[in-house]
Amino acid sequence: MAVSIPSTAPAPPARPASPPPRHDGGHPDRPCVTELRLSAFAAHRGVAVRLGPLTLLTGPSGCGKTSALQAYEALARLGGGSALGTVFPDPVACVPERARPDAQRRRGFRIGCTADGPEGPVRLDIAVQAEPELRIVGERLTADGVVLLETALRDPGRRTVQAAWHTAGSAPVTRAPLPDDRLGTALLPLRVAGKTDGQRRVLAAAEQMVVALRSVYACDPRPDRMRDPVPTGSGRLLGGCDNLADVLWRTRTECRRRHAQFVAAVRAGCAGPVADVLAEPAAGGVVRALLDRGDGIRTALARLGHGELRYLALALVLFTGPGVLEVDPAGEVPAALQTLTVLADGFDRGLDPRQREELLRLAVRMCERGHIRLVGAVSEASWVPGTEGATVVHLEP
């Protein structure tokens, strides 16, 4: 079935990305997403975004910076096995505004990505029907020009798609139905036996794609929610950083060296002296976060400015990992083979020039290590080009 959405067109060139750490085969040891494709999604048509270890999306209001991050997060959630309806609660908003329905009044959108790793570049592209019913109507997984998995909707009356995956055995492909509300690539390890070289290649490519997508943390700190004391809980930082005090209560004692580095970063971006950043119990079974000024004065986070709170929260994100952030890593793959990707909407929002430059330097330093990547949206990037290690992508409305 064809969804009535525009075809993919080449994207304008972006600034070259710094390559991630590689092994002898010339590809990253840790699978990572190196390109995001927005073939037809919201305000985007035929856009391909090259992603480096640290990528900043910039452009005027309405150019689609936030929707690009939303598309990346959606692919990550689908890669983790989430159902289509939970990933896209308002799918019609993802359809390009001028997309016309076909004769059956069907409209949809298309997104995709490339994941590089030990198996080389692997491409994933999906077509989603948003109207009249939400469903995945087409998916393709390819590597080295070989189609490893392809699905298509053959019978609109059934809630399945017909899938065909590479076998390279006595039969060139294996065919079977898959549900139309799940990403087929994420289901392949349950369906492919791995008996032939072709099947093993399919499994390796699918695993690389899923591992590259899974560990994603979408972050947009909300200072209005960070000022109040919070109950102790899991100690895992939420996307809005509402429970920052609970996380500090946990992390301050877990790694003294990392916490000392975090305090140094806070000192560079917050007004006044900072000797420590900590959390303490308060009445009612809650904890509150404080800045220890080192002279007997402790400043509650409620007194900090909007920019200071966003800076502090983003610095904490960069110093922590999947065990602290609210993410869904691939549990069956060692952490040493995974990369955490932070999606930071409004990376520079509310920050003064000193804070954003300090935060960028910190992000470059952390991303150079290879265990973390960051894709952030900034209002403008005139302050970025002189910084090595940052890839700037300009989006147009």
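The values are calculated or read from the model by the stated rules, or taken from the named source; none is laboratory data. Bear in mind that the values here come from a model prediction, so they are computed numbers and not experimental data. Please note: Cβ atoms are built from the backbone with ideal geometry, for glycine as well, and neighbour counts cover all protein chains shown. Note: accessible area is taken over every heavy atom of the protein model, side chains too, but ligands, DNA and RNA are not part of it. Shrake-Rupley method; radii C 1.70, N 1.55, O 1.52, S 1.80 Å.
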Of the listed residues (Asp352, Asp345), the one being closer than 19 Å to Ala68 by Cβ and modelled with pLDDT of 85 or more is Asp345
Scanning the stretch 290-302 residue by residue, those modelled with pLDDT under 95 and under 26 Å from Leu360 (Cβ atoms) turn out to be Leu301
**Asked** Does Pro223 satisfy the criteria of being in contact with a His (Cβ under 6 Å, 6 or more places away or on another chain), in contact (Cβ under 8 Å) with a residue 12 or more places away in the chain and of a type outside the set (Ser, Thr, Tyr)?
**Response** yes
Note on the stretch 146-162: residues more than 17 Å from Val122 (Cβ to Cβ) and aliphatic (A, V, I, L, M) are Ala152, Leu153, Val161
Checking the structure you have, find out if any residue of the stretch 372-384 is among the hydroxyl-bearing types (Ser, Thr, Tyr), modelled with pLDDT under 85 and open to solvent by 30 Å² or more (accessible area, probe 1.4 Å). no
Expected output for the stretch 97-124 (first residue without any contact (Cβ under 8 Å) to a residue 40 or more places away in the chain, partner of a type in the set (Phe, Trp, Tyr) and part of a strand (DSSP E or B), Cβ below 7 Å, 6+ apart or cross-chain) is none
Per the list (1) among the β-branched types (Val, Ile, Thr); (2) over 19 Å from Arg140 (Cβ atoms); (3) open to solvent by 20 Å² or more (accessible area, probe 1.4 Å); (4) in contact (Cβ under 8 Å) with a residue 40 or more places away in the chain, residue check on Thr86 breaks on (4)
Every listed condition ((1) of a type in the set (Gly, Ala, Ser); (2) loosely packed, with under 14 Cβ neighbours inside 10 Å; (3) within 30 Å of Arg201 (Cβ to Cβ)) holds for Ala115 save (2)
Of those in the stretch 189-218 that are surrounded by fewer than 24 Cβ atoms within 10 Å (Cβ to Cβ) and touching a helix residue (DSSP H, G or I) at 6+ places or on another chain (Cβ under 8 Å), the residue farthest from Leu51 (Cα to Cα) is Ala193
Verdict on Leu183 being closer than 30 Å to Asp242 by Cβ, open to solvent by 10 Å² or more (accessible area, probe 1.4 Å), touching a residue at least 12 places away in the same chain (Cβ under 8 Å) and among the aliphatic types (A, V, I, L, M) = no
> Among the residues of the stretch 95-108, is any of a type in the set (A, V, I, L, M, F, W, C) and at pLDDT below 95?
Replying inline: yes
